[in-house]
Amino acid sequence: MPKARKKLGRAKVFKQIFTSPLYILLTIVALIAYYWLFKFLIVSSNDGFFFITVPIYLIYALIISASLLLSTSIYAVSKSIKAKYAAAEGGALSILTSSVGGLIVGCSCYAPILSSMLYAIGFGTIQVSSAISFLGVYQAWFVVVIVAANLIFIYYQLGRITRIGDAHTRR
């Protein structure tokens with residue numbers, strides 16, 4: 001009679017990932033890289049000044065959640081090499097969310113990018129200026145939404161990893 005395998009829960013998978021020295025190092029490297037990405041985006045758009053318009057704890061929450069998502073995604077990819085699953089989309093999402101967050105938290109660096117996109121899809125001058133001012137007023141809430149999206153996707157990735165663990169390994 002085959003031995004029954006114990007199914008790992010999301011919390012155990014999270015603990016398994018972040019007790020590994022390799023993934024702790026990877027997370028620290030991702031933290032540093034995302035911080036420098038933020039700093040580069042903000043400084044380059046504000047003429048050399050590091051000026052932000054949202055609370056600093058939101059920036060740190062975004063950086064931490066993006067680096068945790070990247071590490072979790074890399075772990076999922078390494079697990080999927082042994083199984084018949086493909087699970088690599090979280091790494092790209094963490095880079096995208098941290099980049100968008102970096103554009104939003106800067107003083108006004110999102111304005112030229114957003115206005116160009118809105119003009120291209122047919123918005124008029126008043127609609128574009130309204131959208132930019134709306135983003136400026138509620139930018140802290142947009143960062144909260146991005147952090148929440150990262151956390152939701154981490155939860156989703158942990159669920160995928162538990163399903164990968166249940167899949168048959170390649171021989």
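Numbers below:
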| quantity | calculated |
| --- | --- |
| Karplus-derived HN-Hα couplings along region 55-70 (A = 6.51, B = -1.76, C = 1.60, θ = phi - 60°), whole Hz, x at Gly and Pro | x, 5, 5, 5, 5, 5, 5, 5, 5, 5, 5, 5, 6, 5, 5, 5 |
| Spin-label model distance (nm) - ILE121 vs SER20, 7 Å beyond Cα toward Cβ | 3.8 |
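Coordinate-derived values only; no laboratory data. Predicted model only: the values in this text are computed from it and were never measured. Ideal geometry is used to build each Cβ from the backbone, glycine not excepted, and the neighbour counts take in all protein chains shown.
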